[in-house]
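Colleague: The structure is given below, and queries will be raised subsequently.
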Number of protein chains: 4
Amino acid sequence: MLPESHILTFSCPNRPGIVAAVARTLFESGGNIQEAHQYDDVETDNFFARVRCNFTITRGIDRFRESFARVAETQRMRWALRARADRQRVLIIVSRFDHCLADLLYRWRIGELAIDIAGIVSNHPRAAILHQGFADIPFDYLPVTQETRSQQEETIWNIVQSRKVDLVILARYMQILSDGLSVRLAGRAINIHHSFLPGFKGAKPYHQAHARGVKLIGATAHYVTADLDEGPIIEQDVERVSHHDQPDDLIRKGRDIERRVLARAVRLHIDGRVIINGYKTVVFRD
Amino acid sequence: MLPESHILTFSCPNRPGIVAAVARTLFESGGNIQEAHQYDDVETDNFFARVRCNFTITRGIDRFRESFARVAETQRMRWALRARADRQRVLIIVSRFDHCLADLLYRWRIGELAIDIAGIVSNHPRAAILHQGFADIPFDYLPVTQETRSQQEETIWNIVQSRKVDLVILARYMQILSDGLSVRLAGRAINIHHSFLPGFKGAKPYHQAHARGVKLIGATAHYVTADLDEGPIIEQDVERVSHHDQPDDLIRKGRDIERRVLARAVRLHIDGRVIINGYKTVVFRD
Amino acid sequence: MLPESHILTFSCPNRPGIVAAVARTLFESGGNIQEAHQYDDVETDNFFARVRCNFTITRGIDRFRESFARVAETQRMRWALRARADRQRVLIIVSRFDHCLADLLYRWRIGELAIDIAGIVSNHPRAAILHQGFADIPFDYLPVTQETRSQQEETIWNIVQSRKVDLVILARYMQILSDGLSVRLAGRAINIHHSFLPGFKGAKPYHQAHARGVKLIGATAHYVTADLDEGPIIEQDVERVSHHDQPDDLIRKGRDIERRVLARAVRLHIDGRVIINGYKTVVFRD
Amino acid sequence: MLPESHILTFSCPNRPGIVAAVARTLFESGGNIQEAHQYDDVETDNFFARVRCNFTITRGIDRFRESFARVAETQRMRWALRARADRQRVLIIVSRFDHCLADLLYRWRIGELAIDIAGIVSNHPRAAILHQGFADIPFDYLPVTQETRSQQEETIWNIVQSRKVDLVILARYMQILSDGLSVRLAGRAINIHHSFLPGFKGAKPYHQAHARGVKLIGATAHYVTADLDEGPIIEQDVERVSHHDQPDDLIRKGRDIERRVLARAVRLHIDGRVIINGYKTVVFRD
């Protein structure tokens, strides 16, 4: 049996010797590289890396963590290191449309998404959600109005903290998070959003897309941020539509794209393949 | 050998009996349907059709054209009928970037696009265009400034008329046509345009797309119109990009999408598969 | 409110006047064409059509059905006519892998697939299927061995008949149907199958694909037939894979393609868009 | 201005410390990593890497090359190191169909493919090739029969050697290379091949695909090898087809896929992104 894999990700100002320092530290801890990506962004001169590795000696990972922390401090890194098999704790927030929820739960149930579901939150009552079969998961009905938003978000934040949530997925949550909660969740909240060529502002975007006669509709998964309409993009995809497609057909096709794009983004995130780079992301695809 | 195919396209206000009238007229002229599409747009209650047919009796097409004209008048149709083998006369207008021009010329040369090239117009001199191998095609260098625009467009219009041009292709022509010329060319001028999710206004869109970190870039082929930013869309497509892609890479990938989307749109148009429906198109794909 | 839509599909030997006869019959019954496709296969000289129509007079559909039956007999048509809102009764047969089953049930539950589920049959016991939430659907555990195959298939056939099943979906049923049952279900049983470039024979195809280093994997939905390895193809799609993908990753990606392709094929079928043409299909896409 | 980029690629038996040794050597030569990928194939336990780097000190690359050679020997590496701007010398071999040739030449002419064209070889005379505009490139007409094959291939081999050809592209060369020449060109000859789901053996594959009614057609670019029907796959893609598509349409769509897939494979190869791994490839995508 292979020794347990670990995932190391880091970003830092670029300068010569970073990889040499990391690789030496790894080698001296009995570490073995299984897969690695490094990327230097010439615009910001920041360096990004992801390393999947295992250790051939007992407690190698502990030695490595200790040594690496010193390297990281010297290089002013933002970094994360965890066992690949450690499951992230995920909170899913939904409104009435449950196609993304149902898809995520299915992938989780068959083991495709190696996560723990810490709970489901909705601003609609349980009965409003068509999908069944999650009786075993904590469900919190947290209705929200303009007046109660800050209080409702405080409750969400308490859930995130008390249940040690690593990742929040806005799986078609039709409310805009406040700047405050967005900042608190920075880098660990993923949203899914429809996207069109050209883009449409305002209500009923699928109806607008239909009125414009677009031939492609799409979806974008991105990190939630306070200072942007739409945060750093993780993944996008599109599907072909035609003059036959009425707004309802666009919504139906949109569902398929949304759940596919969101599932891919979540998978990339939990596998440590996405590193935020300002308004953008570095995505080390497999 | 099969009798010659003809393409009939029409649109008109919908009411019962249209197809019956057309099909009876066709039958009485010895016509045989090879492929047909009909579509009723419930929003405008307009009816759209494309029929590919051949005739088993001599001069059947002439009889049909005569009879059909009466049906068309009764039904207030906009219509077109032509032999499929008749080649449309195409004028290609370019600026400095010649990837779409080169692609169209190659497809024409090997017989894939069954058109006649009536000429190439550019606001740059012949020497500025890298692609060679079109010595056999009339080339007009028509520089343009703000002051000379109306005069330059008048020259273009004269070329369109004198050379009996059926279709104008703006194959990366970096000038905006005036409203006047757009109206004159309505329904017979196709433009190719880059497209992004989200969209970007203003200069250097590929640089903006790069700054935003998009994961898909695309292109849109549409009819030129005066009253819209971008006219009725014929065809769109996208390609995947990543954090590795610098603006130059986006431009390179954009070239591939643009030439592919434009070639498909031209092919759909000359095959009579596109009918304009207000701000939109009906595209009867094969 | 719009009058109820009906779907007419037919195929017959091609000869002039078919569309005229159908359209006149439709017109005389107060019918109105909403969408239509016709196609003449030059190789077999057979004619294929699908017409979506509604009727502006009371009992127009009954008049049309009666008149059309005479036309159909004259033209030696194979045909079907039904109200679009009539739900087909579907039997889903699965083995242990339930991704296609879960996907079909979800699409059915939210109303995307307008079908009635007549039952689920499996050669594995209920407990072996991970997906929950179908307590409201009849489930039959019909184990099968080489010796009991004909008896098990007889039971399936009895279910098909007694529950008036219109369509059987083999949603990853890992058994090969006998020629006898295939013939009985001809044209109303859809199977989903992995597909590769190049193809692989024998067991563990995903492992073979991995050993060969393919860069794309795919799936094919087709009608079940007795006399072919794989019957008339309805729909296919592929997804990109890389050297990183181990057999398990291929299987995971394969699940996504399989459920997508099967759902599309089922949707095309129940919408009357697929007509069998010998070893092939005519698919009138929207 | 940035210092010149270099591309290092290597593969070797995996053991701890490889990356540490390479990175230290790089660091000690004043090297800076711009982009890197490493991959350990668990099946063969071989390690693969590609590093793009530049050097901040004068003659750093020379120091690195010297030091790295010792590391490479110790680790029993197969490796290559070259300046990114160094253009590989490419020989294109074609038969009558010139769509891939025309496409490669266009991409080369506009600077998209940073290669030098060492020559074009065909078993058909110059006049048989429709594409014009390569008067500036050496063209060799080398007809071939069963009897003259070994002699013709010897001439090809002489061209490869005398013109210092780095890469041979079989751009729709309709002849099968002998085992002898295949071995000589191992790892530096790329072929393009149509591909279907399912696959078809024998002549006229597009006609077979049409007879089978496939809904997708594709193409595969692969390295030429002696011992395999089709060598290690570099890149594949597909396009959707329908019942409307006659064999000629499949051939036309096939042209688009073939030229796209071949151009991508050539680009990946010259950018050092493809490393052969037995029957497979490791492709480090950007």
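Colleague: Report yes if some residue within region C:208-216 is facing chain D (nearest Cβ under 10 Å), over 24 Å from the mean Cα position of the chain (by Cα) and in a strand (DSSP E or B); otherwise report no. Show your work before the answer.
Modeller: Filtering region C:208-216 down to residues facing chain D (nearest Cβ under 10 Å) leaves C:210-216.
Going one step further and asking which of them are over 24 Å from the mean Cα position of the chain (by Cα), we end up with C:210-216.
If we keep only those that are in a strand (DSSP E or B) as well, we get C:216.
Taking every residue of region C:208-216 in turn, at least one turns out to be facing chain D (nearest Cβ under 10 Å), over 24 Å from the mean Cα position of the chain (by Cα) and in a strand (DSSP E or B).
Colleague: Out of region B:3-29, which residues are more than 7 Å from every other protein chain (Cβ to nearest Cβ) and over 28 Å from the mean Cα position of the chain (by Cα)?
Modeller: B:Arg15, B:Ala21, B:Thr25, B:Glu28, B:Ser29
Colleague: Next question, about the same structure. Are there any strands (runs of 3 or more DSSP E) wholly within region B:87-201 with 2 or more residues that are under 30 Å from A:Gly218 (Cα atoms), and if so which?
Modeller: Ranges flagged: B:167-170, B:189-196.
Colleague: Same structure, new question: Of (1) within 11 Å of chain B (Cβ to nearest Cβ); (2) outside any helix (DSSP H, G or I); (3) out of contact with any strand residue (DSSP E or B) (no Cβ under 6 Å at 6 or more places or on another chain), A:Thr225 satisfies all except one. Which?
Modeller: (1)
Colleague: Within region C:75-117, how many residues turn out to be within 20 Å of C:Arg63 (Cα to Cα) and acidic (Asp, Glu)?
Modeller: Within region C:75-117, residues that are within 20 Å of C:Arg63 (Cα to Cα) and acidic (Asp, Glu) number 1.
Colleague: Can you name the number of the only condition in (1) within 13 Å of chain B (Cβ to nearest Cβ); (2) of a type in the set (D, E, K, R); (3) free of Cβ contacts under 8 Å to residues at least 60 places away in the same chain that C:Asp62 fails?
Modeller: Looking at each condition in turn, C:Asp62 falls short on (1).
Colleague: Pick from B:Ala226, B:Ala219: which is in contact with a Leu (Cβ under 9 Å, 6 or more places away or on another chain) and crowded, with 21+ Cβ neighbours inside 10 Å?
Modeller: Criteria check complete, one pass: B:Ala219.
Colleague: Consider C:Ser242 carefully, then state whether it is surrounded by fewer than 21 Cβ atoms within 10 Å (Cβ to Cβ) and at negative phi.
Modeller: Working: surrounded by fewer than 21 Cβ atoms within 10 Å (Cβ to Cβ): yes; at negative phi: yes.
So C:Ser242 fits the description; yes.
Colleague: Identify, please: which residue in region B:256-274 is of a type outside the set (A, V, I, L, M, F, W, C) and buried (at least 23 other Cβ atoms within 10 Å of the Cβ) and is, among those, nearest to the other protein chains (Cβ to nearest Cβ)?
Modeller: B:Arg259
Colleague: What number of residues in region D:98-121 are of a type in the set (D, E, K, R), at pLDDT below 95 and surrounded by fewer than 23 Cβ atoms within 10 Å (Cβ to Cβ)?
Modeller: Count: 3.
Colleague: Restricting attention to region A:139-146, does a residue exist that is more than 14 Å from every other protein chain (Cβ to nearest Cβ), within 25 Å of A:Ser182 (Cα to Cα), aromatic (Phe, Trp, Tyr) and free of Cβ contacts under 8 Å to residues at least 24 places away in the same chain? Quick ask: steps written out before the conclusion?
Modeller: We begin by selecting, within region A:139-146, every residue more than 14 Å from every other protein chain (Cβ to nearest Cβ); these are A:139-146.
Applying the additional criterion that residues be within 25 Å of A:Ser182 (Cα to Cα) yields A:139-146.
Narrowing further to those that are aromatic (Phe, Trp, Tyr): A:139, A:141.
This time we only want the ones that are free of Cβ contacts under 8 Å to residues at least 24 places away in the same chain, so: A:139, A:141.
Taking every residue of region A:139-146 in turn, at least one turns out to be more than 14 Å from every other protein chain (Cβ to nearest Cβ), within 25 Å of A:Ser182 (Cα to Cα), aromatic (Phe, Trp, Tyr) and free of Cβ contacts under 8 Å to residues at least 24 places away in the same chain.
Colleague: Same structure, new question: Suppose the filter is among the polar types (S, T, N, Q), more than 28 Å from B:His243 (Cα to Cα) and surrounded by fewer than 20 Cβ atoms within 10 Å (Cβ to Cβ); does D:Ser95 pass it?
Modeller: For D:Ser95, the condition - among the polar types (S, T, N, Q), more than 28 Å from B:His243 (Cα to Cα) and surrounded by fewer than 20 Cβ atoms within 10 Å (Cβ to Cβ) - is met.
Colleague: Need the failing condition index for B:Arg285 against (1) over 25 Å from D:Ile110 (Cα atoms); (2) buried (at least 20 other Cβ atoms within 10 Å of the Cβ); (3) more than 7 Å from chain A (Cβ to nearest Cβ), just the number.
Modeller: (2)
Colleague: Same structure, new question: Give the number of residues within region B:232-252 that are facing chain D (nearest Cβ under 9 Å) and either touching a residue at least 40 places away in the same chain (Cβ under 8 Å) or in a strand (DSSP E or B) (or both).
Modeller: Going through region B:232-252 one residue at a time, the tally reaches 0.
Colleague: State whether one or more residues within region C:70-91 are closer than 30 Å to A:Pro247 by Cβ, buried (at least 21 other Cβ atoms within 10 Å of the Cβ) and either of a type outside the set (Phe, Trp, Tyr) or more than 13 Å from chain A (Cβ to nearest Cβ) (or both).
Modeller: Yes, region C:70-91 contains at least one residue that is closer than 30 Å to A:Pro247 by Cβ, buried (at least 21 other Cβ atoms within 10 Å of the Cβ) and either of a type outside the set (Phe, Trp, Tyr) or more than 13 Å from chain A (Cβ to nearest Cβ) (or both).
Colleague: When you go through D:Arg285, D:Arg252, D:Arg212, D:Arg267 one by one, which is the residue that is among the charged types (D, E, K, R) and modelled with pLDDT of 95 or more?
Modeller: Working: D:Arg285 fails: modelled with pLDDT of 95 or more; D:Arg252 fails: modelled with pLDDT of 95 or more; D:Arg212 fails: modelled with pLDDT of 95 or more.
Matching residue, one of D:Arg285, D:Arg252, D:Arg212, D:Arg267: D:Arg267.
Colleague: Scan region D:38-59 for residues that are within 23 Å of D:Gly278 (Cα to Cα), in contact (Cβ under 8 Å) with a residue 24 or more places away in the chain and outside any strand (DSSP E or B) and report the count.
Modeller: 2
Colleague: Right, another one. Which residue pairs have Cβ atoms under 7 Å apart, sit 6 or more places apart or on different chains, and have a first residue in region C:7-20 that is touching a residue at least 24 places away in the same chain (Cβ under 8 Å) and a second that is among the small types (Gly, Ala, Ser) and in a helix (DSSP H, G or I)?
Modeller: From region C:7-20, the pairs are C:Phe10/C:Ala72; C:Val19/B:Ala23.
Colleague: Between a first residue in region C:173-190 that is of a type in the set (Lys, Arg) and a second residue that is surrounded by 15 or more Cβ atoms within 10 Å (Cβ to Cβ), which pairs have beta carbons less than 7 Å apart while being 6 or more apart in sequence or on different chains?
Modeller: What qualifies is C:Arg184/C:Trp157; C:Arg188/C:Asp166; C:Arg188/C:Leu167; C:Arg188/C:Val168.
Colleague: Continuing with the same structure: Identify all residues within region C:60-85 that are over 17 Å from C:Ile275 (Cβ atoms) and charged (D, E, K, R); write none if there are none.
Modeller: Within region C:60-85, C:Asp62, C:Arg63, C:Arg65, C:Glu66, C:Arg70, C:Glu73 meet the criteria.
Colleague: Can you tell me which residues in region C:158-201 are surrounded by fewer than 16 Cβ atoms within 10 Å (Cβ to Cβ) and within 14 Å of chain D (Cβ to nearest Cβ)?
Modeller: C:Lys201
Colleague: So in region D:96-135, with the set limited to residues that are charged (D, E, K, R) and under 26 Å from D:Ala83 (Cα atoms), which one is farthest from the other protein chains (Cβ to nearest Cβ)?
Modeller: D:Asp116
Colleague: Let me ask another. What residue, of D:Arg84, D:Arg107, D:Arg163, is under 24 Å from B:His131 (Cα atoms), in contact (Cβ under 8 Å) with a residue 40 or more places away in the chain and in contact with a Lys or Arg (Cβ under 9 Å, 6 or more places away or on another chain)?
Modeller: D:Arg107
The values are calculated or read from the model by the stated rules, or taken from the named source; none is laboratory data. Note that this is a predicted model, so its numbers are computed, not measured. Neighbour counts are summed over all protein chains in view; Cβ atoms, including those assigned to glycine, are modelled from backbone coordinates with ideal geometry.
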